[in-house]
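Before any comments, here is the structure.
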Amino acid sequence: MESFADIHADIERRLVEGARSRHSPCHQAVIATSDADARVMVLRAYDAASRTLRFHTDARSPKAALIGGGESGGAPVGVLFYDQAARIQLRCKGTGRIETSGPVADAAWAASTEFARRCYMGEGPGVPSATPTSGLPDWIEGQQPTEEQVAPARGNFAVLLVELASVDWLFLSNDGHRRAVIDMASGPDETVRGRWVTP
Ligand SMILES: Cc1cc2nc3c(=O)[nH]c(=O)nc-3n(C[C@H](O)[C@H](O)[C@H](O)COP(=O)(O)O)c2cc1C
């Protein structure tokens, strides 16, 4: 790949496919926050027009508290993908924000299955427990809740939206590795801005 436009297109293709298919190597990402913590999350959507990634999470989680809501301006978030077969690493940098209400969070909740919604029925992530626990109430363990049973969990559900600023694209090859940093706010096509860097 010899142009920034081609690399930009490659990045967007991977993000769209990662969200669409659970078999994609970009379906799971490592999300890094400014407290030097990182965790795996499932990529739910990529909106090219707003260059925004969407993830689902618990509004009570430590990362949600750290990243915060939109009005406070959000927080820096790193998103890492690696496609082992293609030998391409994407190091995405952007601004994250947590939304617990509004059209995006409402639509994401509406599109979730009862099984997915069940994750939000129990204690929030990171609560100490005297015994090994899923955090879910006993009566729902191993069962699919009804819509009515799961409705109160909506209050614990949030979307994490990450607006991408740049993506550091690294391609490993025996013929010579290649690395470029793409400005995701630029483009499309030949107006894509980027810079080559040594791998
Ligand atoms: C394969 C896999 C997928 C995961 N997907 C999500 C996810 O989509 N959303 C999420 O909040 N946590 C997800 N987790 C759990 C997180 O890695 C993390 O343990 C959890 O969100 C704890 O919250 P914290 O990072 O705020 O401490 C996933 C973990 C694994 C191993």
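The values are calculated or read from the model by the stated rules, or taken from the named source; none is laboratory data. Keep in mind it's a predicted model, so treat the numbers as computed, not measured. Every residue, glycine among them, receives a Cβ derived from its backbone with ideal geometry; neighbour counts consider all protein chains shown. These accessible areas exclude ligands, DNA and RNA; they are computed on the full protein's heavy atoms, side chains included. Shrake-Rupley method; radii C 1.70, N 1.55, O 1.52, S 1.80 Å.
A few comments on the model shown:
- The condition of being surrounded by 18 or more Cβ atoms within 10 Å (Cβ to Cβ) and at pLDDT below 95 holds for only one of 142, 194, 187, that being 187.
- Residues located in the range 27-69, provided they are surrounded by 15 or more Cβ atoms within 10 Å (Cβ to Cβ), among the acidic types (Asp, Glu) and more than 9 Å from the ligand (Cβ to nearest atom): 47
- In summary, residue 172 fulfils each of the numbered conditions (1) closer than 26 Å to residue 84 by Cα; (2) over 20 Å from the mean Cα position of the chain (by Cα); (3) open to solvent by 70 Å² or more (accessible area, probe 1.4 Å) with the single exception of condition (3).
- Out of 127, 162, 167, 181, sole residue that is under 22 Å from residue 94 (Cβ atoms) and within 16 Å of the ligand (Cβ to nearest atom): 162
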